Each structure stands twice: as C-alpha cells, then as structure tokens.
Amino acid sequence: MICEMCHQEHAGGAQICTVCGSTLPVATVSIEHEVLNDRLPEVRWGTISFDSDFELILLAGNRSIRIQLPQDHSLIVGRGNHSHAKETTGLTRNPFSSSGSDLIQQADEQTFFVGLPQTTTQAGVSRQHILIRNEGYFLTVVDLNSTNGSWLNGVQLLPNQKRLLRNGDLLQVGNLRLKVIFNGYN
C-alpha cells in the first residue's frame, strides 16, 4: 500500500503512514490528472498534535473562523444562512467560540456548524461540505460527499474517508481555500 501524501510504501493492513501521518487508503484508487485540474500535492510537515487548550483557526483570505473544539466534538463546515439557523434548524450559538462569531452554532451536544455566507455558493461550497473532528490529541477531516469536492494540500479527499489534519495544512472546499492553524502550538 502506498501513501497518497508522501508516496511511502507500507505493508498491507497499515492504517496510518509512519512517515507523514496520513491515513492510508482502504483500497487503491487512481485519480486522473485531469480531475485534479493541475493541482499538485504539496507535502506538509506540521504537527498533528492538537491539545485540549488549543484553538482551531480556519483562515480564508483576511477572515478567520476560530473555535476551541473539545475532544470527541465535531465541526461541520458548509454554506448556510446562519442568521436564521436557530429558527430553521434548531442550532444555538456556540459557547466554545472565542471570537464570539455568529457563524458558529451548536447543532447538537457534540457537533458545531460553521455556516459560511451564502456568497460561498459561487465558490462551490455545499451546505454540509466537510467535517472536522477532534479525535483526542489530533484532528481529522472528512468530505461529506460534497458536490464540488474537497482537497487537503492539493490531494482530493475521497468522500467519507478520514484524513489527519496538521498545523499549517491547506484545505480547499469547492473553490474556497482555508489555511488550518492550531493556535497554542509554539
């Protein structure tokens, strides 16, 4: 089995790359160069360690989304009309958001939702595009079978397949690029 991120070969049955920490594919899937639209993978070596006192920051240009994501909690990133979310979906304001952002709402006891502005429709962002989960000392990202796909450091995510997130990673949801920062990491 070969790691999609660093191309290191591993014995069958391995689940995580011992070189770069990426989750290894369950089955080999080839993606045509045309599908990637000339996006080449970029190997990143940031830490995967996410401590309980860290804050997750997603940077999009000069805007940021900040949240403390407790262990075993998830964050769904998607497009949504967050100003009416409480009436239409039962979401409430996120008590963990250090920025007090109205974009972040609590969907249930362990899941938060970032409703990006409706203008992200042009950027190809689905209503529920990706899920970021605190697995306990590390974060994973999953594409939620989005219409326009997701990429991690230039590698397209397969729907419903977990990948490890690192400090400094570049996420792309549709055409919207987000830089991942673990605030608290020195």
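Taking each residue as 0.36 nm, the span from GLU9 to SER49 lengthens on full extension beyond its C-alpha to C-alpha distance by 12.0 nm.
Close amide H partners of ARG177, meaning residues 5 or more places away or on another chain with modelled amide H under 5 Å apart, do not exist here. The local environment of LEU69, defined by Cβ-Cβ distances under 12 Å, has a net charge of -3 under the rule Lys, Arg +1 and Asp, Glu -1. Local charge for LEU24 was computed over the other residues whose Cβ lies under 12 Å away, with Lys and Arg +1 and Asp and Glu -1, and equals 0.
Values quoted throughout were computed directly from the atomic coordinates according to the rules given, and no laboratory measurement underlies them. On a predicted model such as this, the values are computed, not experimentally measured, just so you know. Glycine also receives a Cβ, built like all others from the backbone with ideal geometry; neighbour counts cover every protein chain displayed.
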